[in-house]
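Working notes, beginning with the structure itself.
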Amino acid sequence: MTTTPAPEATVPATPSAPVAPAPAATPSAPAPVAARPRPPARPRPLAVLAATAASTAALLLLVALGTVLHHPLLVPPLAASMALVAASPELPLSQPRSLVGGQLLSALTGFAVLAVAGPGLWSAAVAGGLALGVMMLARTPHSPAAATAVIVALQDPPFLAFTALLLLACLLLVAVGLAAARATRRAYPTYWF
């Protein structure tokens, strides 16, 4: 018995868009090599002077304010905040939304941990870690603010006085950042909220 091949199916012709010719074969070129990260460029002397003066002035104001109101422990995390604002005003971490929002949310996180676990080193560790997650969810990244949550969980400060002082201090840092940016003709902030 012999088998005959099945007839080929024909597809009715339909109008279609012209087909682009296939690209000509080219010899394979080596993939570009990514540039190796390098340290930042040396800043201009005026930028260094302005950033240093702005940070020093802001921190002296914070020390005076903290001493008068008996909250000098706010200075360490806010010193790191001011360093970001003065030296890298274009970073998302330096923007008012992140500075003010991150600091306040971290303080509230510290107070929430206090309410559940009380003050202490273990609470401080948990508060610092949770503050990072809260800031990420709120889109207010500001790494120095995690230290604020730690301070709250260690010290158990009075809620209203501490929060009001923190807000005032953050606004002071933003104001000094604005003044420094105008003096150096840099853009700050790149966005507010």
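FYI, it's all coordinate maths here, none of it is from the lab. In this text the structure is predicted, and so the values were computed from the model without any measurement.
List of remarks:
- At full extension, Leu61 and Leu171 could sit 38.4 nm farther apart than now, given 0.36 nm per residue minus the alpha carbon distance.
- For region 85-193, Kirkwood radius (reciprocal of mean inverse C-alpha pair distance, Å): 14.0
- Cα-Cα separations in region 41-98 greater than 15 Å, expressed as whole percent: 53
- Whole-angstrom Cα spans of region 72-112 along principal axes, big to small: 32, 22, 8
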